[in-house]
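Heads up: the structure comes next, in structure tokens.
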Amino acid sequence: MGLVELFVAVLIAGVSLVNAGPAAAAAVRSRDARFVVLATANALLALLGALWAWGELPYSAPAWTAVQLPILGLVFIVVLLFLATTLLPRRT
């Protein structure tokens, strides 16, 4: 159990959950399937981050929730790329 792993797992869960909101709103507004996929991917990454954060806590979490820092780093890069797809303006 490490505090860095816990911090990154919580950060992954939080950023993914926040980023799923605008994608879900755009999916409802435009009925475009791409936004549904983006919102679903962010929601699943938030769930994965929450599971990893649970695995880093000193409670009786299952062994399959444990994760190492390199994997967390790679998933955090994916989360930041998903965030960039939401923040970058659309080309016209």
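Values in this text are rule-based calculations from the coordinates and carry no lab data. As the structure is a prediction and not an experimental result, all values here were calculated from the model. Backbone-built Cβ (ideal geometry, glycine too); neighbour counts: all protein chains shown.
Summary table below
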read-out: Relative exposure of 90, 29, judged by other C-beta atoms within 10 Å (fewest first); value: 90, 29
read-out: ³J(HN,Hα), Karplus 6.51/-1.76/1.60, whole Hz, each residue of region 24-38, x for Gly, Pro; value: 5, 5, 5, 5, 5, 6, 9, 6, 9, 5, 5, 6, 5, 5, 5
read-out: Computed lengthening from residue 71 to residue 36, 0.36 nm per intervening residue step minus Cα-Cα distance; value: 10.0 nm
